[in-house]
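What follows is one structure encoded as C-alpha cells, with my remarks underneath.
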Amino acid sequence: MIRLRTKLWAFFLCVILLLYGVAYVLYDSSQQSVEEYNRNFKRFLLLNDVSQQTDQVLQALNTNLNEKSPNTRTIYQLRREKLLDLQERLVPEIQHQKNYILLGNYSNMIRNFLKESDLALSYSGLNDDAQSAYHYEQAAQLSQFILQTTQDLIDSELTQYYPFYAGMVERNRQLQSMSTAIFISILLTAGLFTYGFAGGITRPIERLVREAKQISRGNLDGKDIQVKSRDEIYYLAETFNRMRQRLKELIQEMKEKAALEKALQQQRVKNLEVQNLLKEMELKALQSQIHPHFLFNTLNTISKLAYLEGAEQASGLIESVSRMFRYNLRRMDRPVALREDAQHVQHYFAIQKARFRDRVQMSMEVEESCLSHILPVLTLQPLVENAFIHGVEDCESGAEIGVRIYRKHEDVVVEIKDNGKGMDAETVHRLLHPATEGNVRPSGHSTGLGVQNVLKRLCLFYSRDDVMTIESEEEKGTLVRLRMPFYPDEGSDHHVLVAHSG
C-alpha cells in the first residue's frame, strides 16, 4: 500500500528540489556578477587611491620643505609608505593583456615620483635650496603625469567594463526568462498532479458521502463502493462497506429487542425514583437522632440548685451540658450556621476542660467570613469528641487538640488536629469508606454520631464524595480536614468567634 502521506511527500520533495535548483542557478549567477563587479570596482578604487595618495605625498613634501619639523617628516614617511603599498598592488590587481604597457609606465612614474620627492627632501636637509626646489618641481610634474595616467587607466578599465556590463545584463535577462519558464512549468506540473491526486481522493469520498446520505435516510441496500487505488481511501471504502453490512445486522437485532428494551427502560426509571426516595429517607433518618426532653429539664434544675448552694463552677459546667442538650434537641433535618456548631464545640471544650484540666490544651480559630456558612447540625462536635476519645484520652500530659476554620478559594475548610496516638492506614481507609448498606454504627460517648455518620451526612448534604480527608500516623497524631463548598446563611447575624485555648 502506498499511503497518501507518502505520495504527498514525494510530490513536495520533487517541487522543493526543482525550486532549489532554480534558486541555486540564480544565486550562483548573481554571485558571479557581484564578484566581477566588485573586482572592477576595486580596480577603480585602487587607481583613485593612487592618485589621491600621490597628491597627499606631494603636499606632505611641500609642508616638510617649508617647516622642516620631525612631525611633518613623519607624516611624509607614512604617506610615502602607503603610496608604495598601493604601487605593489597595481600589477596583481589591475594588469591585463591590454593595459600592461601603460600600467608599467604608470608604476615607473610612481617610483620616479617618490625618488624625486626623496631627493628634494634630502637636499632640503643639506640646506641646498636650489637642488631641493628643482627636484620638487620634478616631483610635481610627475604628480601631474600620474594623475593623467590614472585617468587614462580608468578610461581603459571603463572600456573593458562596458562589454562585461552588457554581458551581465544579457545573462540576467536569460536567467529571468529561464526562471519564469521553470516556475510556469512547475506550476503546471503541480496543478496537473494536484488535479489528478485530488480527483483520486474526492471522487471516492463523494461516493461515500452519497451512500452515507442514503444510510441516514434508512436505505442500507446500496452497492458496495469500489476503489482501485491501494491507499487509505481503499481501506476507508472497505470499512464503509463492512459497516453498512454490520448496520443491517444490528438493526435486525434492535428490532428483535425493542420491546424488551422498552420494558427495561421503564424499570430503570422506577429504580431511579426508588433510589432517590431511599436517599432522601436515609438523610432524614441520619438527622433524626435526638435526646429526651426530660434530661434537659433535669439538668436545668440541677444547675439552679448548684448555683444556689454556691457551687458556681459545677453550675457553669452543668449549664454547658444543658446548652449542649438544648442544641441536640433542635430539629435535625434543618442545617445550622457554622457559628452555632462552633459554639456547641466550645461548650464541649468547657466540659472536657473540667474533666482533663491541664492534661489537654484546647484551641479554636475561626475566620469571620466562615461564620455564616451552613452545614448539617452536629458536624464538628462528633469529630472533636473522636479526637478526645481515640486520640488524647490516655495521655497523662502534653495533649493538644486544635480546631481551625478558614476560607480557601470558594470552599470552607475545617481542620481538627490532635497529637495523640494516631491511626494506621487501614483504620483511616475504613473511616473514609463506610458501608453502603445498613445503618452506620455510632461511636463516641455523648452524641452517638461517629466519624462515619458525619462523613455520610456531609456527602449527602453537599452531593460530593471528597468532603473529608484524614492524615494520621501512629504515635504522631491525626488531622481531619473537611472541605465544604461555601453556602452562606443570608439571614444570620455576623459576629466574630474569638479563639481561646486552655
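Values quoted throughout were computed directly from the atomic coordinates according to the rules given, and no laboratory measurement underlies them. Worth saying up front: this structure is predicted, and the values here are computed from it rather than measured. Here the Cβ positions follow ideal geometry from the backbone for every residue, glycine too, while neighbour counts run over all protein chains shown.
When the inverse distances between all different Cα atoms of segment 1-103 are averaged and flipped, the Kirkwood radius reads 18.6 angstrom. Shown for R89, R207, R217: other C-beta atoms within 10 Å of each C-beta, ranked fewest to most, produce the order R217, R89, R207. Loop-located trypsin sites (Lys or Arg not before Pro) across segment 1-69 with a Cβ neighbour count of 13 or fewer within 10 Å are R3, K68, with loop assigned by DSSP. Taking square-rooted eigenvalues a ≥ b ≥ c of the alpha carbon gyration tensor, is segment 359-485 rounded, prolate or oblate, where a/c under 1.5 means rounded and, failing that, a/b exceeding b/c means prolate? Oblate is the answer for segment 359-485, as a/c is 1.5 or above yet b/c matches or exceeds a/b.
Count Lys and Arg as plus one, Asp and Glu as minus one, and take only other residues whose Cβ is under 13 Å from that of A140; the net charge is then -3.
For segment 86-143, the fraction of C-alpha pairs more than 16 angstrom apart is 50%. Between L26 and E249, the FRET efficiency estimated from the beta carbon spacing at R0 = 60 angstrom works out to 0.40.
Looking at segment 29-91, none of the GluC sites (Glu not before Pro) sits in a DSSP loop with at most 13 other Cβ atoms within 10 Å of its own Cβ.
Counting Lys and Arg as +1 and Asp and Glu as -1 over every other residue whose Cβ lies under 12 Å from the Cβ of D224, the net charge comes to +1.
The reciprocal of the average 1/r between distinct C-alpha atoms defines the Kirkwood hydrodynamic radius, which for segment 4-191 equals 20.5 Å.
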